[in-house]
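This report concerns only the one structure given below.
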Amino acid sequence: MIEDDLRAAFVRHEPMTPSTGPLRAAIDRLAATRRRRRQRFQAAGVTLALLAALGVGVPQLRPERPAEDSLPSVQPADSQSGALNVLLVGVDGFGEKPPYRLADSILLVHIPADRSRPYLISLPRDLEVSIPARGTDKLSSAFFTGATEPQPDLDAGYDLTRRVVADLTGVRVDAGAVLTFTGLRRITDAVDGVEVCLPNEVRSWHSRRVFPAGCQRLDGAASVDLLRQRRYLPDGAFDRDRNTQRYAAGLIRRAVAQDVLSNPVRLTALLSAAGKDLTVDDDGVPLTKLLRVLPELKSVDPVGLSLPVGPLTDNVQRVRLDPKQGPAFLAALGEDRLAQWVAQHPEQVNAVR
């Protein structure tokens with residue numbers, strides 16, 4: 001009798017139960033978004049990371065981002081031209097104690113529409129910028145602010161850095177990657193070392209290692225040691241940015257010599273070394289689409305550039321965009337005419353070999 005009464009009660013109230021369809025759909029959408037934004041170490045993602053690090057470009061990765069992750073409303077001049085911009089962020093200390101520090105290396109890889117050659121543009125870590133929820137601070141602080149404690153997050157640190165870089169440059173960031181120095185060390189060892197060509201001797205403030213002037217092959221530990229150096233360098237962090245470009249150029253040559261860029265299996269196997277020390281922003285683009293751009297490049301030999309800035313300010317150790325050359329450089333970047341800008345300012349090119 002009680003069982004019959006309960007069954008009848010359930011039947012009477014069943015029409016009053018709200019549909020689970022909208023809730024299930026919302027959960028599915030949220031899960032899909034998190035998968036896209038936090039996708040780590042899959043074929044497309046790891047390929048993007050190396051292509052970004054090497055400066056060899058990627059195809060169109062996403063038409064627009066969701067509204068809640070909006071970029072500046074100004075439509076960049078290169079959005080319809082076929083030019084691509086890939087942001088690479090190098091982070092020292094992530095996963096260690098302290099669990100993370102600032103973004104030490106911030107590199108914007110510009111691939112022109114004519115696919116002539118990539119441009120590696122170093123953005124100074126000490127550049128004064130506006131950071132949402134933080135105010136005016138150094139560019140390197142954007143990653144720290146986005147990653148947040150008590151659970152540091154590479155993805156969130158990248159997202160805020162990307163927004164700040166897009167606002168600063170006025171161009172859309174089509175894709176990007178974050179690589180910790182631990183991951184960089186593993187990738188370097190996986191290719192049996194990278195040749196780096198230095199114009200002057202570099203002495204390590206951390207290990208007392210001496211890197212002589214000239215070309216030398218560095219293993220993973222030595223590469224990380226070099227890329228951390230700025231205290232003994234004449235131009236400090238600016239020289240470190242130039243050495244980052246030289247490392248990237250050496251990694252290009254090594255990858256080409258080992259036929260990594262044209263072999264998806266080798267490429268994926270190489271980047272498996274990075275593991276959790278790599279995160280990418282690729283929206284799940286298939287590997288085949290990422291590799292499709294490689295034959296379009298006339299040269300994989302990059303041009304090294306630095307964002308024109310003024311000297312360090314006296315009291316806060318920050319730099320600001322050069323009032324004359326800075327806007328002209330950003331206009332050339334946004335209008336996809338860096339080749340002309342380089343021809344007019346050859347003194348601004350950083351030697352990468």
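The values are calculated or read from the model by the stated rules, or taken from the named source; none is laboratory data. Only a predicted model underlies this, so the values are computations on that prediction, with no experimental measurement involved. All Cβ positions, glycine included, derive from the backbone under ideal geometry; neighbour counts span all protein chains shown. Just so you know, the surface numbers come from the protein's heavy atoms only, side chains and all, with ligands and any DNA or RNA stripped out. Shrake-Rupley method; radii C 1.70, N 1.55, O 1.52, S 1.80 Å.
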Within the stretch 323-341, of all residues that are farther than 22 Å from V173 by Cβ and part of a loop (DSSP other than H, G, I, E, B), the one least open to solvent (accessible area, probe 1.4 Å) is P323
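Is it the case, given these coordinates, that R253 is under 17 Å from D189 (Cβ atoms) and either open to solvent by 30 Å² or more (accessible area, probe 1.4 Å) or outside any helix (DSSP H, G or I) (or both)? Before the answer, list the steps.
Details: under 17 Å from D189 (Cβ atoms): yes; either open to solvent by 30 Å² or more (accessible area, probe 1.4 Å) or outside any helix (DSSP H, G or I) (or both): yes.
Yes.
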query: Does the stretch 210-226 contain any residue that is in contact with a Pro (Cβ under 9 Å, 6 or more places away or on another chain), aliphatic (A, V, I, L, M) and free of Cβ contacts under 8 Å to residues at least 60 places away in the same chain?
result: yes
Given (1) modelled with pLDDT of 55 or more; (2) crowded, with 21+ Cβ neighbours inside 10 Å, F94 misses just (1)
When (1) modelled with pLDDT of 90 or more; (2) over 25 Å from R318 (Cα atoms); (3) of a type in the set (G, A, S) are applied to G183, the one that fails is (1)
Restricting the stretch 297-322 to residues that are more than 20 Å from S105 (Cα to Cα) and not acidic (D, E), the one most open to solvent (accessible area, probe 1.4 Å) turns out to be K298
Subset of the stretch 342-353, residues of a type outside the set (D, E, K, R) and either loosely packed, with under 14 Cβ neighbours inside 10 Å or part of a loop (DSSP other than H, G, I, E, B) (or both), comes to A343, Q344, H345, P346, V349, A351, V352
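Within 21 Å of S140 (Cα to Cα) and charged (D, E, K, R): is that true of R242 in this structure? It would help to see each step written out before you state the result.
Working: within 21 Å of S140 (Cα to Cα): yes; charged (D, E, K, R): yes.
Against the criterion (within 21 Å of S140 (Cα to Cα) and charged (D, E, K, R)), R242 qualifies.
Name the residue that is least open to solvent (accessible area, probe 1.4 Å), counting only residues in the stretch 228-244 that are among the polar types (S, T, N, Q) and assigned to a helix (DSSP H, G or I). Break it down stepwise before answering.
First pass over the stretch 228-244, keeping only residues among the polar types (S, T, N, Q): 229, 243-244.
Imposing the further condition that a residue be assigned to a helix (DSSP H, G or I) reduces the set to 243-244.
Details: N243: 6, T244: 22 Å².
Within the stretch 228-244, the match that is least open to solvent (accessible area, probe 1.4 Å) is N243.
Can you tell me which residues in the stretch 271-290 are part of a helix (DSSP H, G or I) and either surrounded by 20 or more Cβ atoms within 10 Å (Cβ to Cβ) or at pLDDT 75 or above (or both)? Write out each step before concluding.
Of the residues in the stretch 271-290, the ones part of a helix (DSSP H, G or I) are 271, 275-277, 287-290.
Correct list: L271, D277, L290.
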